[in-house]
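Structure, as structure tokens:
The values are calculated or read from the model by the stated rules, or taken from the named source; none is laboratory data. Because the structure is predicted, anything quoted here is derived from the model rather than measured. Neighbour counts are summed over all protein chains in view; Cβ atoms, including those assigned to glycine, are modelled from backbone coordinates with ideal geometry. These area figures cover heavy atoms from the full protein model, side chains too; ligands, DNA and RNA do not enter into them. Shrake-Rupley method; radii C 1.70, N 1.55, O 1.52, S 1.80 Å.
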Amino acid sequence: TALTALVAFTPLFDFVTGPVMGQPPEIAAQARPAMQIMLLWTGAIAWRRFFQGVLVRYGQTFLVSWGTAIRLAVVCAIAFLLVRQHLPGAVLAAVVIMGAVLSEAAASTLFARPLVRRLREEAAAPDDPTSPPLTQRAILRFHTPLAATTLLTLLAQPMTAAALARLPHPGATLAAWPLVFMVLLVLRGWGLSVQEITVAQARRGTHSADTLRRFAWLVGAVTSGAAVLLAATPLLAGYLTHLLRAPADLHPYVRVGVAVGALSPLLTTLGSWARGLLVAAGRTGDVYRGMGVSLFVHAALLVLGIVLQLPGMPVAAVSFSVALGAEYLYLARGLSAARPQLQEEMTAGAAK
């Protein structure tokens, strides 16, 4: 949050959006007030995910879904109330998103309160009195690679925007890429949640790894199939025209991006499965390095596209998908090395 304030409210914003990202001045001017409004966004997400972790720990995943439903309802309500107020689009979106994440954070807190009391009772009488107490240093050592992984993941989008600004037709591709990313993110969201499911269920026994892998392949195949269906049929045009009311000249760019990125939901799901097993085994360093591989491949392909001045949308979509594939291959390699340790963890977890 402090870093957000530093960027949003100081000249550092002009440096980041200008020399670093190469964004057109008119786009940067629209972005600054939106970023200022979203000052508490990362804090609210951290708070919400902390309590969602408690809910997942006790198998109350349906309450996580209820929190998401509340967030969606708040999005619709605020958007309905403000859409006729003639606010700038980026400002309206920032208000909507900020209200939504705050409401979900509050809901997750209320849902988790009874479980927090249960956790405190369990902590007072631990199953294994000989186990060392959890310290801030231990949490930091375990969490830092995961936090760095999230940071590297988020860096991929500004990197893509910076590349698109330097490729042919920057105005159209910069406008179309968020639509492509949003469509793919909705489909990839099913796969992203597989990581939490895997972490929560991995210690039920060695058979659970095979079950989770089959589930990951099923989710990935269905969601990538949906992406192909969208790109190959009039469904995408209907969504862009009637729901989003996106300008018609952006439709071809969006269709190319979704078609080229159609494998990204499958690759996301497999990566989430592998990442969840590694986290369950305590090998968060492998997770961090895997994201580093992804970011390096992504950046290398973007730079290659800039050097060759290739069409922007295929460059963005190919870089995104190939980077996900490279990360999964690295994580799969780490899983092979961690298999004995993981089987031991699962056996101990099942016995407990």
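In the set (1) over 23 Å from A176 (Cβ atoms); (2) open to solvent by 30 Å² or more (accessible area, probe 1.4 Å), the condition left unmet by V279 is number (2). A single entry from L39, L63, L110 fulfils the requirement of being assigned to a helix (DSSP H, G or I), among the aliphatic types (A, V, I, L, M) and surrounded by 16 or more Cβ atoms within 10 Å (Cβ to Cβ): L63.
Taking the numbered list (1) out of contact with any Leu (no Cβ under 9 Å at 6 or more places or on another chain); (2) loosely packed, with under 14 Cβ neighbours inside 10 Å; (3) farther than 25 Å from R57 by Cα in turn, H143 passes all entries but (3).
Does L72 meet the test of being open to solvent by 40 Å² or more (accessible area, probe 1.4 Å) and within 30 Å of A8 (Cβ to Cβ)? The answer is yes for L72. The set of residues in segment 237-263 that are within 19 Å of A316 (Cα to Cα) and assigned to a helix (DSSP H, G or I) comprises D249, L250, H251, P252, Y253, V254, R255, V256, G257, V258, A259, V260.
Among the residues of segment 42-55, the one identified as among the aliphatic types (A, V, I, L, M) and open to solvent by 40 Å² or more (accessible area, probe 1.4 Å) is A46.
Selection of segment 295-326 for residues being in a helix (DSSP H, G or I) and closer than 14 Å to G257 by Cα yields G312, M313, P314, V315, A316, A317, V318, S319, F320, S321, V322.
Checking each residue in segment 157-197 for being under 16 Å from V254 (Cα atoms) and without any contact (Cβ under 8 Å) to a residue 12 or more places away in the chain picks out P178, M182, L185, V186. Applying the criterion of being touching a residue at least 40 places away in the same chain (Cβ under 8 Å) and among the small types (G, A, S) to the residues of segment 147-156, the residue that is nearest to F50 (Cα to Cα) is A148. Residue count for segment 75-107 satisfying the condition of being in contact (Cβ under 8 Å) with a residue 40 or more places away in the chain and either surrounded by 12 or more Cβ atoms within 10 Å (Cβ to Cβ) or not in a helix (DSSP H, G or I) (or both): 13. Can you say whether L3 is touching a residue at least 24 places away in the same chain (Cβ under 8 Å), part of a helix (DSSP H, G or I) and open to solvent by 40 Å² or more (accessible area, probe 1.4 Å), as far as the supplied structure shows? For L3, the condition - touching a residue at least 24 places away in the same chain (Cβ under 8 Å), part of a helix (DSSP H, G or I) and open to solvent by 40 Å² or more (accessible area, probe 1.4 Å) - is not met. Across segment 162-195, the qualifying residues are those that are more than 20 Å from P19 (Cβ to Cβ) and more than 22 Å from the chain's Cα centre (by Cα), and the one among them that is least open to solvent (accessible area, probe 1.4 Å) is A172. Taken over segment 6-36, residues that are more than 16 Å from L164 (Cβ to Cβ) and part of a loop (DSSP other than H, G, I, E, B) amount to 3. Within segment 19-33, is there a residue that is in contact (Cβ under 8 Å) with a residue 60 or more places away in the chain, open to solvent by 70 Å² or more (accessible area, probe 1.4 Å) and not β-branched (V, I, T)? So far as segment 19-33 goes, yes, one or more of its residues are in contact (Cβ under 8 Å) with a residue 60 or more places away in the chain, open to solvent by 70 Å² or more (accessible area, probe 1.4 Å) and not β-branched (V, I, T).
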